[in-house]
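Notes follow once the structure below has been shown.
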Amino acid sequence: MVNRIISLIFVWKHKAIIKHMATPNNKKVAIGIDIGGTNTVFGIVDKKGNFLTEGKMKTADYGEVEVFLAALNEKIRLHLKKLNEKVEVQGIGVGAPMGNINKGTIEYAADLPWKGIIPLADFFKQYTKLPVIVTNDANAAAIGEMVYGGAKGMRDFVVITLGTGLGSGIVINGELVYGHDGFAGEIGHTSIRPGESNRQCGCGRKGCLETYVSATGIKRTTFKLLGDMTEDSELRNYSFNELTAAKISEAAKKGDKIANRAFEHTGRMLGFKLADVVAHTNPEAIFLFGGLTLAEDLIFEPTRRYMEQNLLEIYRGKVKLLPSKLNTQNAAVLGASALVWNNNK
């Protein structure tokens, strides 16, 4: 009840504060928002992909989405106010787990604190009259790769996001694939080996790819290996909550056998699944981005090797596996802002 009162106070004070403000000399910008399970990051971005300002907040600190949006709205308002130049906001792009571009909703997102169907675009209407485009965070990343990154000029490619979970955006013939009701391309929630995995996924099912291939997945793999193997490892000094994908990567680079085995296993799972993705979509390239890709060849080499091993002969040696050319720290925000430009073209 207290949170809802706070939300109403924010709405009353700051209603319609994200404005269009159209004048001939104002720089045209878009607001990009990436809602993640841990953090929400936002930025004010021009059409060339330059950040005028950016900020973030803890998603998990807000148990009610109305309170979250009120706080987010206030932070964006303050960032706009501090800009040294006049801008004309063209729209708001939002990337979020299980975002539905057809309805402007977030639906049953496993990694977010708000459950069920969240009418996000409708909630934004209490703050702005600007267009608000909501889509899956990985779809936003794919648009960002096409507008600003390594997929410029490509007509057929796939983006795989490796963060807390695994997301995917598929572009065929220059168009993002949304499917019948906006949820095409949930590769992270396909089964890696039906009936052989008991790993519980946040979606409620067992054996989803992201329970193996993600920052969380490699932690789970590492802890299983620590239990199964007797080799010395610096990773034995960490609790599950203390361990991170970055620490596993650091250990692997020092030659830690368990850490290297964890990356080998993760790459095998991802490469196996990407061979299926190639058979379904026949892409020119597959881009990987997200925190796990900072491990570079530790993840790319086994993934490429196992993908090639499992490809149909007609595809072998033809599909490029590439790191995203977007800055990993702001790629998702760039992708979200690109939704606005893509919508206005």
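What follows is calculated from the coordinates using simple rules that are stated; it is not laboratory data. Every value quoted in this text rests on a predicted model; they were computed, and no experiment measured them. Glycine also receives a Cβ, built like all others from the backbone with ideal geometry; neighbour counts cover every protein chain displayed.
Note that region 237-251 has calculated 3J(HN,Hα) couplings of 7, 10, 7, 4, 5, 7, 6, 10, 4, 5, 5, 5, 5, 4, 5 Hz, one per residue in order, obtained from phi through the Karplus relation 6.51 cos²θ - 1.76 cosθ + 1.60 (θ = phi - 60°); glycine and proline are x.
Placing +1 on each Lys and Arg Cβ and -1 on each Asp and Glu Cβ, with no other charges, gives the chain a dipole about its Cα centre of roughly 880 debye.
From the helices alone, meaning DSSP H stretches of at least four residues, give me the mean residue ellipticity at 222 nm for the chain, per-run term -39500 (n - 2.57), in deg cm²/dmol to the nearest 500. Display every interim value, and only then the final one.
On the way: 9 runs with 123 residues, N = 345.
The helix contribution divided over the chain gives -11500 deg cm²/dmol.
Taking other C-beta atoms within 10 angstrom as a stand-in for reagent exposure, 127, 108 fall in the order 108, 127, fewest first. Here the 3J(HN,Hα) profile of region 176-188, calculated from phi with Karplus coefficients 6.51, -1.76 and 1.60 at θ = phi - 60°, is 5, 8, 9, x, 4, 10, x, 10, 5, x, 7, 5, x Hz, Gly and Pro shown as x. Each label was represented as a point 7 Å from its Cα along the Cα-to-Cβ direction; for residue 232 and residue 184 these points are 5.4 nm apart.
Here the relative contact order of region 151-323, from alpha carbon pairs under 8 Å that lie six or more residues apart, stands at 24 percent. Couplings for region 264-271, taken from phi via the Karplus curve 6.51 cos²θ - 1.76 cosθ + 1.60 with θ = phi - 60°, read 4, 5, 5, x, 5, 4, 5, x Hz in order; Gly and Pro are left as x.
Put simply, the amide H of residue 47, placed in the peptide plane, has no neighbours under 5 Å, leaving out anything fewer than 5 places away on its chain.
Full-extension gain between residue 78 and residue 115, please, as 0.36 nm times their residue separation minus the C-alpha to C-alpha distance. Write out the running numbers ahead of the final one.
Details: separation 37, 0.36 × 37 = 13.32 nm, distance 2.88 nm.
Additional length available on full extension: 10.4 nm.
For residue 208, the residues 5 or more places off, or on other chains, whose built amide H falls under 5 Å of its own are 201.
Counting only alpha carbon atoms, the long axis of helix 297-310 and the longest principal axis of the chain meet at about 70°.
Cα centroids of region 85-103 and region 129-175: 13 Å apart.
For the residues 280, 265, 180, what sequence is obtained by ranking on other C-beta atoms within 10 Å, fewest first?
180, 280, 265
Beyond 27 Å between alpha-carbons counts as too far, so tell me which of 224/254; 152/254; 48/273; 115/219 fall in that bin.
152/254; 48/273
Neighbour counts of C-beta atoms inside 10 Å place 272, 157 in the sequence 272, 157, starting with the fewest.
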